[in-house]
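Read through the structure below, which is laid out as structure tokens, and then see the notes.
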Amino acid sequence: MRRDVFQAIADPVRRDIIELLAKEPLTINTIAEKFDISRPAISKHLKILKECDIITYEKQGRERFCFIKPKNLIPAFLWIEKYQELWEDKLDSFDSYITQLKNNRDINQ
């Protein structure tokens, strides 16, 4: 099965793992301790992130550390960025609508 960055970020647990690893490399046990799910479930998420080429492992002594590969998140960032203007326009339009409703309410009171 071919996996991509969008599969990596599709799950909230994997997004949380990415966020943790963006701050610093962590061992698998350290990552698992930060979640209220089983260690095998965390291992499954890490396996998917590895298959998506978002993380890599490096053995240091007896521990395996997970490192993020941030450049491989770029395709998702670029895709999301394309829609930023669209959403900003929608939010601006919604804000204008709310302001108009408030002004109409104030006039009618």
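Residue check: is Glu63 surrounded by 11 or more Cβ atoms within 10 Å (Cβ to Cβ), touching a residue at least 40 places away in the same chain (Cβ under 8 Å) and among the charged types (D, E, K, R)? Spell out the reasoning first.
Working: surrounded by 11 or more Cβ atoms within 10 Å (Cβ to Cβ): yes; touching a residue at least 40 places away in the same chain (Cβ under 8 Å): no; among the charged types (D, E, K, R): yes.
No, not satisfied.
Could you give me the residue pairs with C-beta distances under 6 Å whose first residue belongs to region 37-57 and is under 18 Å from Leu73 (Cβ atoms), whose second residue is among the polar types (S, T, N, Q) and surrounded by 14 or more Cβ atoms within 10 Å (Cβ to Cβ) wherever it lies, and which are 6+ apart or on separate chains?
From region 37-57, the pairs are Cys52/Gln7; Asp53/Asn72; Ile54/Asn72.
If I go through region 32-50 residue by residue, how many of them are among the β-branched types (Val, Ile, Thr) and open to solvent by less than 30 Å² (accessible area, probe 1.4 Å)? I'd like the intermediate steps shown before the answer.
At the first step, the residues of region 32-50 found to be among the β-branched types (Val, Ile, Thr) are 37, 42, 48.
Imposing the further condition that a residue be open to solvent by less than 30 Å² (accessible area, probe 1.4 Å) reduces the set to 42, 48.
Number of matching residues: 2.
So which residues in region 1-31 are surrounded by 15 or more Cβ atoms within 10 Å (Cβ to Cβ), at pLDDT 95 or above and not β-branched (Val, Ile, Thr)?
If the condition is that a residue be surrounded by 15 or more Cβ atoms within 10 Å (Cβ to Cβ), at pLDDT 95 or above and not β-branched (Val, Ile, Thr), then Arg14, Leu20, Leu21, Pro25, Leu26 are the ones that fit.
Whether any residue in region 73-92 is in contact with a Leu (Cβ under 7 Å, 6 or more places away or on another chain), surrounded by 10 or more Cβ atoms within 10 Å (Cβ to Cβ) and touching a residue at least 12 places away in the same chain (Cβ under 8 Å) is what I want to check. Step through it out loud before you land on a result.
Step one: list which residues in region 73-92 are in contact with a Leu (Cβ under 7 Å, 6 or more places away or on another chain), which gives none.
No, there is no match, as no residue in region 73-92 is in contact with a Leu (Cβ under 7 Å, 6 or more places away or on another chain), surrounded by 10 or more Cβ atoms within 10 Å (Cβ to Cβ) and touching a residue at least 12 places away in the same chain (Cβ under 8 Å).
Of the conditions (1) closer than 16 Å to Asp4 by Cβ; (2) open to solvent by 80 Å² or more (accessible area, probe 1.4 Å); (3) of a type in the set (Asp, Glu), Asp53 clears all except one; give me its number.
Only one criterion is unmet by Asp53, namely (2).
The values are calculated or read from the model by the stated rules, or taken from the named source; none is laboratory data. Please read all numbers here as calculations on a predicted model, not as lab measurements. Note that we place each Cβ from the backbone using ideal geometry, even for glycine, and neighbour counts take in every protein chain shown. In case anyone asks, the SASA skips ligands and DNA or RNA and just uses the protein heavy atoms, side chains included. Shrake-Rupley method; radii C 1.70, N 1.55, O 1.52, S 1.80 Å.
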